[in-house]
Amino acid sequence: MSVDGKIATVTGDSSLSCREDLRRLHRLRAEVDAVMVGAGTIISDNPSLTVRMAEGRNPIRVVVDGRCRIPLNARVLDRSAKTVIAVSDAAPKRKLEALRKKGVTVIMGGGRKVDLSKLLSRLYSMGVRKMLLEGGSMLNWEMLSRGLVDEIRVAVSPVVLGGKNAKSLVGGKGFKKVSCGLRLELLETGKVGENLLLRYRIRGAGT
């Protein structure tokens with residue numbers, strides 16, 4: 001994110017990582033069983049979510065897409081790694097069938113929104129023990145506000161972006177009072193390329 005907490009500009013440009021930080025991210029992907037993003041990230045950035053700048057296997061790619069909005073030519077559907085799409089009852093049946101034909105595992109969440117707790121339980125049954133959440137801001141909020149995140153790692157790029165409509169690291173409704181916010185414990189600081197690296201544990205996580 002930028003120094004002022006933005007993960008993209010008002011036009012959606014999210015090129016904040018330096019090359020050294022990208023290598024760090026790819027090493028981290030190689031260490032986890034799955035990597036999760038929301039549909040908005042796929043639509044705006046079209047990432048492949050594979051390991052390319054480090055040694056290691058590709059994680060399972062998990063996309064939370066309640067209404068099944070991602071395009072059928074998205075990179076995450078290229079069969080280079082296993083892909084799971086989590087949808088709600090609002091997802092169109094024809095789109096789901098098209099995804100299955102592309103080799104995608106579709107997890108039906110039930111209701112009008114994806115139940116993230118049930119999704120994590122399903123992923124656990126598939127062998128996922130360690131997962132990297134790469135956002136965006138709305139999914140970050142949904143996961144954090146439900147107590148489904150253990151640790152936060154932030155690379156701060158030395159740039160200020162501004163813009164009241166520019167997406168921040170965590171979006172959503174937000175907490176009404178500071179006293180209601182998630183409390184963090186700083187575990188580590190460092191530098192990767194030109195970026196400041198911060199690693200936090202969420203207090204109470206895993207207890």
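Which numbered condition in (1) in contact with a Phe, Trp or Tyr (Cβ under 6 Å, 6 or more places away or on another chain); (2) at pLDDT below 95 is the only one that Ile152 fails?
(2)
Mind checking which residues of region 147-166 are over 18 Å from Val63 (Cβ atoms) and in a loop (DSSP other than H, G, I, E, B)? Can you show your working first?
Residues of region 147-166 that are over 18 Å from Val63 (Cβ atoms), as a first pass: 147, 150-166.
Correct list: Gly147, Asp150, Pro158, Val159, Val160, Leu161, Gly162, Gly163, Lys164, Asn165, Ala166.
In the list Val84, Val64, Val37, which residue meets the criterion of being under 16 Å from the mean Cα position of the chain (by Cα), at pLDDT 95 or above and more than 30 Å from Val159 (Cβ to Cβ)? Steps first, please.
Values: Val64 fails: more than 30 Å from Val159 (Cβ to Cβ); Val37 fails: more than 30 Å from Val159 (Cβ to Cβ).
Answer to the selection: Val84.
What do you reckon, is Gly171 buried (at least 16 other Cβ atoms within 10 Å of the Cβ) and either closer than 30 Å to Thr105 by Cβ or β-branched (Val, Ile, Thr) (or both)?
Criteria met by Gly171.
Being of a type in the set (Gly, Ala, Ser) and closer than 18 Å to Arg67 by Cα is the requirement here; does Gly127 meet it? Give the steps one after another, and end with the answer.
Working: of a type in the set (Gly, Ala, Ser): yes; closer than 18 Å to Arg67 by Cα: no.
No: the conditions fail for Gly127.
Being in contact with a Cys (Cβ under 8 Å, 6 or more places away or on another chain), loosely packed, with under 15 Cβ neighbours inside 10 Å and not in a loop (DSSP other than H, G, I, E, B) is the filter here; which residues of region 44-102 pass it?
Those that are in contact with a Cys (Cβ under 8 Å, 6 or more places away or on another chain), loosely packed, with under 15 Cβ neighbours inside 10 Å and not in a loop (DSSP other than H, G, I, E, B): none in region 44-102.
The values are calculated or read from the model by the stated rules, or taken from the named source; none is laboratory data. Here the structure is a predicted model, which means the values were calculated and not measured. Positions of Cβ are generated from backbone atoms using ideal geometry, with glycine treated the same way; all protein chains shown enter the neighbour counts.
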